Amino acid sequence: TGVNFLSADGSSTMDVEFGATANSTYVIRVEASNACGTSAYRSVMIRRSVSTPATVIGNAVACANTNNVAYSCTPVSGADSYEWTITGDATVTGTTENATVNFGPAWTGGTLCVASKVGCFTSPTKCMNISSSVTAATIGAITGTFTACPNAVLTYSVAQVSGVTYAWTTPSNSSVTQGAGTNSVQVTFQNNYNNVGNICVTATSSCGVSTAPKCKTITPSAPKRPASITGATSGLCNNSATYSVAPQAGMKFQWTTPGTIIGSDSTETVNVQYGAFTTGQVCVSAYNSCGSSATRCVPVKGAPVAAASITPGLACAGQNVTFTADTTNIQGNFTLSWVYPSAATYVSGGGNTNDVTVTWGPTAGNVILMSANACGSASKVNAVALGGCRLGETDNQQAASFNVYPNPANDYIIIEWTAATQGNTHIVLTDISGKTVKENTVNNTTGSNSVSMDVKMLPKGIYLLSAINNNGVMNKRVVIQ
């Protein structure tokens with residue numbers, strides 16, 4: 001397609017005229033023949049066009065009245081020649097990948113372009129803007145790390161612009177130690193660097209035109225105070241514990257404790273072995289070459305803490321009550337021990353457990369749980385009031401030795417009971433809510449005993465009368481009318 005054969009008379013040569021075609025190549029084929037037949041054909045592909053040069057190379061800044069300034073482009077495979085053009089007060093000379101430009105007296109900037117050529121085909125152009133000066137926008141932003149510590153060596157750069165030189169200024173107590181005059185420098189911060197300052201760069205063209213300074217602020221990268229410390233804070237007597245803080249990039253940590261740090265003491269996590277001690281603090285600070293942060297501390301103690309709670313807070317005279325403690329907050333090694341009023345009688349539990357069952361006595365009192373180790377103890381006190389009781393009678397065997405009359409009563413009641421031994425009998429009268437309204441302690445004899453109780457000032461209603469002594473607890477329902 002697009003080929004006219006001007007002469008092809010059976011010889012091994014021919015003349016070809018190439019015409020226009022939509023394709024970028026031509027294909028010519030030849031075959032041999034004789035009386036016996038025709039051979040397979042041989043083909044050749046001929047290129048109609050060439051590629052655009054990839055890059056224009058040279059100074060992006062040029063001065064007026066300068067001549068023979070060299071520029072070039074990347075060579076294009078198959079190109080026969082190159083076509084150079086320029087706008088503005090300038091002329092360009094050259095038909096190869098190399099060219100020279102003469103800039104006239106009115107030169108203020110323009111565009112240098114080049115295209116590759118083959119035969120009658122010219123490629124699209126590749127262009128480069130050339131100015132007569134540089135601006136801050138031309139040199140772009142400064143890149144690098146804008147926090148620094150003493151003795152740090154950091155690199156700062158701007159985009160390279162050909163045909164210019166660079167001048168850098170740095171914060172006090174620092175200096176450019178490599179790359180002065182170029183677009184990329186190394187800055188060394190001295191061992192006394194601890195100030196805020198600017199790093200700035202100015203670009204100057206070959207024409208002597210300089211940009212305004214482009215700057216970035218540099219500050220010391222002092223460590224931050226650790227946010228919090230995690231780890232056990234009580235019950236640490238003769239025990240071990242692990243403490244940690246959130247890591248900080250590039251930082252080490254300094255720990256102090258009342259115990260002995262086992263292993264590394266400069267990481268975000270430490271292991272501590274405690275002996276016997278009372279109280280103290282676990283403290284940590286972060287540090288690097290810029291210095292140390294403020295210290296974060298948490299108080300610690302060898303003794304355990306008290307239980308979180310003991311329930312219930314109400315009890316009835318003569319009834320069994322199970323007191324249960326919440327000990328989930330107690331850390332480390334510890335033992336438990338219970339204390340309850342002497343009038344209460346042990347039933348089960350207690351000791352080194354979190355519950356105890358007792359038969360409650362005739363009055364309110366404190367139930368105490370002590371948590372302890374070799375370094376000390378703490379106590380949780382539960383003030384138990386009388387209340388929430390259910391009115392009821394004693395069993396038949398007790399009823400035979402316990403009598404109350406008159407019942408119903410108006411002014412007074414007589415209480416009779418039989419005691420197996422000499423001792424004290426505590427008489428308690430409670431209302432329906434469990435509140436004690438009358439009580440008396442009697443020194444009883446062995447055998448039959450009696451005592452009267454004045455009830456004429458009490459409101460009408462149903463009451464529970466209890467007699468507590470060495471025989472146990474005896475209950476009677478009493479009606480006052």
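How far is it, in nm, from the label point at TYR405 to the one at ALA159 when both lie 7 Å from their Cα along the line to the Cβ?
11.6 nm
Dimensions of the stretch 268-347 along principal axes (Cα, Å, largest first)?
Principal axes ranked by extent give 72, 24, 17 Å for the Cα atoms.
Summing -39500 (n - 2.57) over the DSSP H runs of n ≥ 4 in the chain and dividing by its residue number, what mean residue ellipticity at 222 nm do you reach, to the nearest 500 deg cm²/dmol? Before the final figure, lay out each step's value.
On the way: 2 runs with 8 residues, N = 481.
So the calculated ellipticity at 222 nm is 0 deg cm²/dmol.
Please list, in order, the residues from the stretch 433-461 whose amide nitrogen is less than 13 Å from a point placed 7 Å along the Cα→Cβ vector of GLN481.
Inside the label zone: 460-461.
What are the GluC sites (Glu not before Pro) within the stretch 12-101 that DSSP puts in a loop, where the Cβ has at most 13 other Cβ atoms within 10 Å? Intermediate values should be presented prior to the final figure.
On the way: sites: GLU17, GLU31, GLU83, GLU97; in loops: GLU31, GLU97.
For GluC sites (Glu not before Pro) across the stretch 12-101 that sit outside H, G, I, E and B with at most 13 neighbouring Cβ atoms in 10 Å, the list reads GLU31.
In the chain, what is the count of Lys pairs whose alpha carbons are under 26 Å apart, counting only pairs at least 8 residues apart or on separate chains?
Step by step, the pairs that qualify in the chain add up to 13.
Please give the residues of the stretch 180-208, grouped as numeric ranges, whose backbone N is less than 12 Å from a label point set 7 Å along the Cα-to-Cβ vector of THR66.
204-208
Please find the FRET efficiency linking ASN151 to CYS283, where r is the Cβ-Cβ separation and R0 is fixed at 22 Å, and quote it to the nearest 0.05.
0.25
Separation between the ASN329 and SER240 pseudo-spin-labels, each 7 Å from Cα along Cα→Cβ, expressed in nm?
Rounded to a tenth, the inter-label distance reads 2.9 nm.
Which FRET efficiency value, to the nearest 0.05, is calculated for THR85 and VAL30 with the Förster distance at 35 angstrom and r the Cβ-Cβ distance? Each step should come with its number before you reach the end.
Working: r = 41 Å, r/R0 = 1.16.
It comes to 0.30.
To the nearest 0.05, what FRET efficiency results for SER348 and THR269 with a Förster distance of 35 Å applied to their C-beta separation?
0.20
What fraction, in whole percent, of alpha-carbon pairs in the chain exceed 37 Å separation?
On the way: 78395 of 115440 pairs.
Roughly 68 percent, rounded to a whole number.
Return the ratio Rg/(2.2 N^0.38 Å) for the stretch 200-344, where Rg is computed over Cα atoms only. Let's see the in-between values first.
On the way: Rg = 27.6 Å, N = 145, 2.2 N^0.38 = 14.6 Å.
This ratio for the stretch 200-344 stands at 1.89.
Give the value in nm², to one decimal: projected area of the alpha carbon convex hull of the stretch 68-125, averaged over all directions.
Its average projected convex-hull area is 3.9 nm².
Could you work out how far apart the two model spin labels at ASN195 and ILE261 are, taking each label as a point 7 Å from the Cα in the direction of the beta carbon, and quote it in nm?
3.4 nm
Average the reciprocal distances over every distinct pair of alpha-carbons in the stretch 428-481, invert the result, and give the Kirkwood radius in Å.
Hydrodynamic radius (Kirkwood, Cα pairs) of the stretch 428-481 is 12.2 Å.
FYI, it's all coordinate maths here, none of it is from the lab. The structure presented is a predicted model; accordingly, all values stated were derived computationally and were not measured. Here the Cβ is made from the backbone with ideal geometry for all residues, glycine too, and neighbour counts use every protein chain on show.
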